[in-house]
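Structure first, commentary second.
None of the figures in this text is laboratory data; all of them are computed from the coordinates on show. In this text the structure is predicted, and so the values were computed from the model without any measurement. Ideal geometry is used to build each Cβ from the backbone, glycine not excepted, and the neighbour counts take in all protein chains shown.
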Amino acid sequence: MNSSTAPTPDAPLVQLLTPTGQRVTDPHVAFDGDRSEIEALYRDLVMTRRVDTEAYALQRHGELGLWPPALGQEAAQVGSARALRAHDFAFPTYRDHGVAWCRGVDPSLLLGIFRGSDLGGWDPADHGIALPNIIIGAQTLHATGYAMGLALEGLVGSGDPDRDSAVIAYFGDGATSQGDVSEALDWAAVHQSPVVFFCENNQYAISVPVASQTRVPIVQRAAGFGLPGVRVDGNDVLACLAVTRAALQRARDGEGPTLIEAVTYRMGAHTTSDDPSRYRDASEVDAWQAKDPLERVRLLLVAEGTSDDFFADLAADADALGVHLRAACQQIPEPDLAELFDHVFVESTVENRQQQAEHVAWRDAMEGSVVAS
Amino acid sequence: MTRMSMVKALNSGLRLALEDDPKVVLMGEDIGRLGGVFRVTEGLQKDFGEGRVMDTPLAESAIVGTAIGLTFRGFRPVVEIQFDGFVYPAYDQIVSQVAKLHFRSRGRVRMPIVIRIPYGGGIGAVEHHSESPEAQFALTAGLKVVSCADPNDAHWMIQQAIASDDPVVFMEPKRRYWETGEVDLAGPAAPLWSARIVRPGRDATLVTYGPMVKTCLDSARAAEADGLDLEVIDLRTLSPLDLAPVVESVRRTGHAVVVHEAARTLGLGAEVAARIGEECFYSLESPVQRVTGYDMPYPPSRTEHDFLPGLDRILDAVDRARAY
């Protein structure tokens, strides 16, 4: 595939904050928060980036086996996740560190998967966020099923804001090629399920550009399945928050699903094992650097009079978060295979117990032999 | 003889197949410009073009499903599934279509598709990147399944698999990708559907394949210090199994230990043990031992050294057999 197959780039894009920090209006969507809310969003963006850069450094120091950087996608993640209410639920991908942050997950719990210490660090029920999914697109169906559950339980369209709930599914541009994602869009539309499909179009599935995944802008998929679609500047946290807030409210009100395409860019590698210089030009990365999701918010806040103290305190908090992550990473307990046998089934089996006993006996014997030698 | 890694050996084998037959096409995620996440297809798109070495959309079911369609035009697709744990979206196409179309058509339709799957653990990877699903394909009638264990076999077996008119699931032991070995580019190659004694011995028979061949050879070398002479057999073909060398070996040694990374229950070892029981009953001096992964989803990588068969567990099984 080559650039001649690129999809038309001119689908309307919701933007409320330009890369140079100018507020602009959109005919359909507005951000009505005050400066303090923007400051809170900026804090989320900065903290998410610190989680990401710190984890990246931990990988480089050998503390993690792998890390998938979220660099450049912070606004899409923070804006959408801050539109969720406490009783809503999110199904993230392995790159959605900012979503986990906004759901109140201690970011150190993100590290275990990539350290090889666990397969997911938290109880989904504690924070309203599922464990990150590595299988591309699978979680869109999980979110659809979750939404069906909300509807069956009468938690949609009651008019009670403390009761009505919705769910958001995160996925990337590459995932839109998976059958699961099309099936989820279709199913949710047919059932008018209270789910928001939030596609972070970061332009690449490892090395493959979005032009090789789809001929049309992803947002245009929505019409074919019979649900509304919104295309938003994924590097604009205000726009991401506003469109997701509206879509979630639609869902909670019983008006059905929405597809949001957040147009963003994966500034870093797919993972620390990847070398993007093999498949994309530095000039392309530079062009997106000028659309940085953090800088535009900083410029806006400076122009609106946010104090130097705010920025200084935030920098100190980010540094403290870095210290916390570095310390917490090394304190992640070493996993014990013997204990893992306990989690294969709810109701254990004879074979499971026998293999566990076999392993424990073996491990103890080996420890004895090490001591003896 | 040329020394190269398994990655290079596969690459050279694929290159020869592309040169030999214009109907050979390669498809997969990131296999073109990037050359695959493991670089197995590095440089092939540049030399053979985007039509014959295709970066596909991110859709495993579509990769295998369209490969089926290509066979109806006489193509011989070689598809790459990026990691073992990503094959399941394609499982329906593999099991319900690839495996059955020749049979359904009473031989009128052929499915000369090779499905390459980097598999197995031992590389410290995250979830879904270390699995050993070979038995799930080997138990599917209509599929053939092979696994190379060293660069020479990788170079030759991939070409033989592509030349086969039957569908072949080609399991590549990713932890051995970067180890180098001598490749005899002049050939001749060993027959594809054959097991091979990779180390002759007298005292017990280790039966294995793929990533565990090297582990078993290391075990056999270590056992020499104890005066034990272990035979190691590389099955190479998992479906069909070529058990003649195994039967002959076990009749000589009286002891058999089957080793694989995949879970024990209903793993390849179960079939091998059953067949040894059928064929070697009067020669066996001990029950067939199995050294395998445990019956659990692949665990976090920091436990994989305990999960995967290693030298100590293999030699312990040999000791148990011999002390029976």
- [ ] Just rank A:Leu109, A:Leu259, fewest to most, by other beta-carbon atoms within 10 angstrom.
- [x] A:Leu109, A:Leu259
Open item on the list: Using the crude model of +1 on Lys and Arg Cβ and -1 on Asp and Glu Cβ, and no other charge, please compute the dipole size for the protein assembly as shown relative to its Cα centre, in debye to 20.
Closed with: 2160
Open item on the list: With both bridge residues required to lie in the protein assembly as shown, what share of the DSSP beta bridges run antiparallel, to the nearest 5%?
Closed with: 20
Open item on the list: Show me, for the stretch B:294-309, the HN-Hα J-couplings you get by feeding each phi into the Karplus relation (A = 6.51, B = -1.76, C = 1.60, θ = phi - 60°), rounded to Hz, glycine and proline as x.
Closed with: 8, 7, 8, x, 3, x, x, 5, 6, 10, 5, 5, 7, 7, 7, x
Task: Binned Cα-Cα distances of chain B, short to long, each 10 Å bin given as a whole percent - done: 6, 27, 34, 22, 8, 1
- [ ] Among DSSP beta bridges lying fully in chain B, give the percent that are antiparallel, nearest 5.
- [x] 25
Open item on the list: Using helices alone, I'd like the mean residue ellipticity at 222 nm for chain B: each DSSP H run of four-plus residues gives -39500 (n - 2.57), total over residue count, nearest 500.
Closed with: -9500 deg cm²/dmol
TODO: Give the residue from A:Ala166, B:Val232, A:Val346 lying farthest towards the positive end of the charge dipole for the protein assembly as shown; charges sit on Cβ (+1 for Lys and Arg, -1 for Asp and Glu) and the dipole is referred to the Cα centre.
DONE: B:Val232
- [ ] May I ask for the equivalent-ellipsoid semi-axes of the protein assembly as shown, computed as the square root of five times each C-alpha gyration tensor eigenvalue and listed largest first in whole Å?
- [x] 48, 29, 23
Open item on the list: Strictly greater than 34 Å: what percent of every Cα pair in chain A meets that?
Closed with: 30
Open item on the list: Cut-off is 10 Å between beta-carbons; in what order do A:Trp67, B:Trp193, A:Trp122 appear when sorted fewest neighbours first?
Closed with: B:Trp193, A:Trp122, A:Trp67
- [ ] Amide H neighbours of B:Lys23 under 5 Å, at least 5 residues apart or on other chains, H built in the peptide plane: list them.
- [x] none
Task: Neighbouring partner chain Cβ atoms per residue of A:352-363, average, 10 Å criterion - done: 2
TODO: With θ set to phi - 60°, apply the Karplus curve 6.51 cos²θ - 1.76 cosθ + 1.60 along the stretch A:268-278 and write out the HN-Hα couplings as whole Hz, x wherever there is a Gly or Pro.
DONE: x, 6, 4, 9, 5, 8, 9, 10, x, 5, 6
Open item on the list: Skipping prolines and chain starts, which residues have an amide H placed within reach, meaning under 5 Å, of the one on B:Arg290, given they are 5 or more residues away or on another chain?
Closed with: B:Val258
Task: Hz values of 3J(HN,Hα) by residue in the stretch A:213-229 - Karplus curve (6.51, -1.76, 1.60), Gly and Pro given as x - done: 9, 8, 8, 10, x, 4, 4, 6, 4, 4, 4, x, 8, x, 9, x, x
Open item on the list: How would A:Arg115, B:Arg108, A:Arg49 line up from fewest to most surrounding beta-carbon atoms within 10 angstrom?
Closed with: B:Arg108, A:Arg49, A:Arg115
- [ ] Could you tell me what percent of the DSSP beta bridges with both partners in chain A are antiparallel, to the nearest 5?
- [x] 10
Task: Relative contact order computed over the stretch B:196-322 (Cα-Cα under 8 Å; 6+ residues apart), in percent - done: 28
Open item on the list: Run lengths n ≥ 4 of DSSP H only: what is the helix-derived mean residue ellipticity at 222 nm for chain A, with -39500 (n - 2.57) per run over all residues, to the nearest 500?
Closed with: -14000 deg cm²/dmol
Task: Most positive-pole-ward Cα, A:Leu16, A:Leu84, A:Gly128, against dipole of the stretch A:1-149 from beta carbon charges - done: A:Leu16
Task: B:Ala262 long-range amide H proximity, modeled H, under 5 Å - done: B:Gly293
